[in-house]
Amino acid sequence: MRVAHINVTSGLSTGRIATDILTVLQELGHTGLLCYSRGYPPQGVPSYRIGNRADVLLHALGARLLDRAGFLSRMATRRLTRQLALYRPDVVHLHNLHGYYVDIRTLLQWLAKAGIPVVWTLHDCWAFTGHCAYYTWRRCDRWREGCGQCPQLHAYPASLIVDQSRRNWREKRQAIRRLPNLTLVTPSLWLGSEVKRSFLGKRPIRVIPSGIDLQAFRPNDEPELQEDLVKRYNLSALAGKHILLSVASTWEPRKGLDDLMALSEVLPEGMMILALGLTPAQCANLPQGMLGIPRTENLRQLRALYTAADVCLSLSHEETQGMTLLEALACGTQVVCYAATALPELVTPEVGIAVPEGDIPAVAEACARLCAAPKTSHACRARAQQYEKRAQFAQYVGLYEELAGGR
């Protein structure tokens, strides 16, 4: 069986997920191809790069001026379809089609004509909106009726002036309707329920959570590494404190940085927040009682920070799964999150607490309770074990075999 994956990136975020699925696919005796726009060729997986840097820049410029993200890069997409025709996949697996690199009309039209079964993993909500990838934190439901007058025009994928969200919504719906054999996959029950309320709601939907590498994320066994991190990032203020760690790759508004700052003002004595992934400007504007650092240099450092924390916090207002919580649990660290979108699906009473969205005093109380009576590292690890990477991604291979007739 031959499976082609299409995603905006290789190696990072959703690109890592695609590569891991392809690795499992190969281990089970099949072959795969990763088609991507940005990043580096993945090791051990055949790949094809879609377009080039100039294509991406032109697409991004067109999105800024015309609000047509996902409807440009036609020539790069035609070259992609020629590559797919040469590869002759039994199944095509789509991931993020936004990111300024592909024309979804050209791609989906070719897939419909070829009659190839399609799996589309929705890592966010872009596939069924006219503009945005996330909308819950803005309390927007225009996507249910056709978008228009978009309240997030300047959010990714940003448009400076023109609002074509209604046109984009209609053209997405039209292009997707042409696919005769489409199966949607979401990483959480919450996102699956949102999809059912959209124009995609009549399509088959499977829930397959993204898996976690329990070898990469485990309790830190290098005590000297924690000492090195204290010196490297000037974290001496954390000495003797209960550490509340919060992690994000990009601290956009929905991720809850403002909520963390408000929390720092009401925390009991002896607790301090450490936010990971901030920009230098964000670090400079933090209140007392809160520290911020940029990305770690490697997974070893990230693992050490997760392990050193007393609690891992996610005050994000919208997550389609919540991988930072899983990473913390895999390192044996208990968690606190908002009971919002997909996050509470991960948090059981044995490993942490989910509190009402926006209730900062309740977050402070939950952190105090967990620091006073911690959940066991064993329970946290056991919870993460339920999302072990190979077991999760093997479900995709079973789905491919089902759609391709067992080839």
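A few notes on this one:
- Criterion (crowded, with 18+ Cβ neighbours inside 10 Å and not assigned by TED's automatic domain parsing to the domain that holds Glu145) met by exactly one of Leu200, Leu235, Leu182: Leu235
- Residue among Asp90, Asp67, Asp55 that is surrounded by 22 or more Cβ atoms within 10 Å (Cβ to Cβ) and not hydrophobic (A, V, I, L, M, F, W, C): Asp67
- Long-range neighbours under 7 Å by Cβ, at least six apart or interchain, first residue in contact (Cβ under 8 Å) with a residue 12 or more places away in the chain within the stretch 125-136, second in a helix (DSSP H, G or I) and of a type in the set (Gly, Ala, Ser): Gly130/Ser165; His131/Ser165
- Residue list for the stretch 242-277, filter: of a type in the set (D, E, K, R) and surrounded by fewer than 18 Cβ atoms within 10 Å (Cβ to Cβ): Glu252, Asp258, Glu265, Glu269
- Applying the criterion of being over 8 Å from Cys380 (Cα atoms) and of a type in the set (A, V, I, L, M, F, W, C) to the residues of the stretch 320-330, the residue that is surrounded by the most Cβ atoms within 10 Å (Cβ to Cβ) is Ala328.
- Criterion violated by Ala308 - all others in (1) among the small types (Gly, Ala, Ser); (2) more than 17 Å from Ala364 (Cα to Cα); (3) modelled with pLDDT of 95 or more; (4) surrounded by fewer than 23 Cβ atoms within 10 Å (Cβ to Cβ) satisfied: (3)
- Selected residue (criterion: surrounded by the most Cβ atoms within 10 Å (Cβ to Cβ)) from residues of the stretch 161-178 that are assigned to a loop (DSSP other than H, G, I, E, B) and at pLDDT 95 or above: Gln164
- Entirely in the stretch 302-407, the strands (runs of 3 or more DSSP E) that have 2 or more residues that are farther than 30 Å from Gly29 by Cβ and in contact with a Pro (Cβ under 8 Å, 6 or more places away or on another chain): 335-338
- The stretch 345-375 - residue that is surrounded by fewer than 20 Cβ atoms within 10 Å (Cβ to Cβ) and free of Cβ contacts under 8 Å to residues at least 24 places away in the same chain and, of those, farthest from Ser264 (Cα to Cα): Pro349
- Number of residues in the stretch 122-146 that are out of contact with any Phe, Trp or Tyr (no Cβ under 6 Å at 6 or more places or on another chain), within 15 Å of Ala158 (Cα to Cα) and either surrounded by fewer than 18 Cβ atoms within 10 Å (Cβ to Cβ) or among the hydroxyl-bearing types (Ser, Thr, Tyr) (or both) equals 2.
- Residues that are surrounded by fewer than 16 Cβ atoms within 10 Å (Cβ to Cβ), within 23 Å of Glu401 (Cα to Cα) and without any contact (Cβ under 8 Å) to a residue 12 or more places away in the chain occur in the stretch 29-38; there is at least one.
- Residue ID - nearest to Pro209 (Cα to Cα), chosen from residues in the stretch 389-400 that are in contact with a strand residue (DSSP E or B) (Cβ under 9 Å, 6 or more places away or on another chain) and not hydroxyl-bearing (Ser, Thr, Tyr): Gln392
- One residue stands out in the stretch 217-263 among those that are modelled with pLDDT of 85 or more and among the β-branched types (Val, Ile, Thr): the one that is farthest from Arg369 (Cα to Cα), namely Thr250.
The values are calculated or read from the model by the stated rules, or taken from the named source; none is laboratory data. As the structure is a computational prediction, the values presented were derived from the model and not from experiment. Heads up, the Cβs are rebuilt from the backbone with ideal geometry, glycines too, and the neighbour counts pull from every protein chain shown.
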